[in-house]
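**Student:** Quick one: this structure, given as structure tokens, is what I'll be asking you about.
Bear in mind that the values in this text are calculations on the coordinates, not laboratory data. Keep in mind that what you see is a predicted model, and the values were worked out from it rather than measured. Note that each Cβ is placed from the backbone with ideal geometry, even for glycine, and that neighbours are counted across all protein chains shown.
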Amino acid sequence: MVMEVHLNDVVQLRKKHPCGSYEWRIMRVGADIGIQCLKCGRRVLLSRRIFEKRVKALVSQGRVSPYAGHRP
Ligand SMILES: [Zn+2]
């Protein structure tokens, strides 16, 4: 699955984390994608290729969220 991701986007992975959650927040975007489990807070760094394989769906887009705007 080829997709564009942005900081603070929330994605659903195909496999559930040992803690029981499927949802992860994007923490870092670059050659590697850094994600953090929404439930247990675990952080994982994946190559973009592996990340795209593991993602099932985009749950919410951080950049369009009213809570993710720039602070003055
Ligand atoms: Zn977890």
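**Student:** Pick out, from CYS19, VAL44, LEU58, the residue whose Cα sits farthest towards the positive end of the charge dipole of the range 10-58, with +1 on the Cβ of Lys and Arg and -1 on the Cβ of Asp and Glu.
**Tutor:** So the residue furthest toward the plus end is CYS19.
**Student:** May I pose another question? Can you give the extra length, in nm with one decimal, that the chain gains between LYS53 and GLN36 once fully stretched, where that is 0.36 nm per residue apart less the Cα-Cα distance? Working shown, then result.
**Tutor:** On the way: separation 17, 0.36 × 17 = 6.12 nm, distance 1.67 nm.
So the extension gain works out to 4.4 nm.
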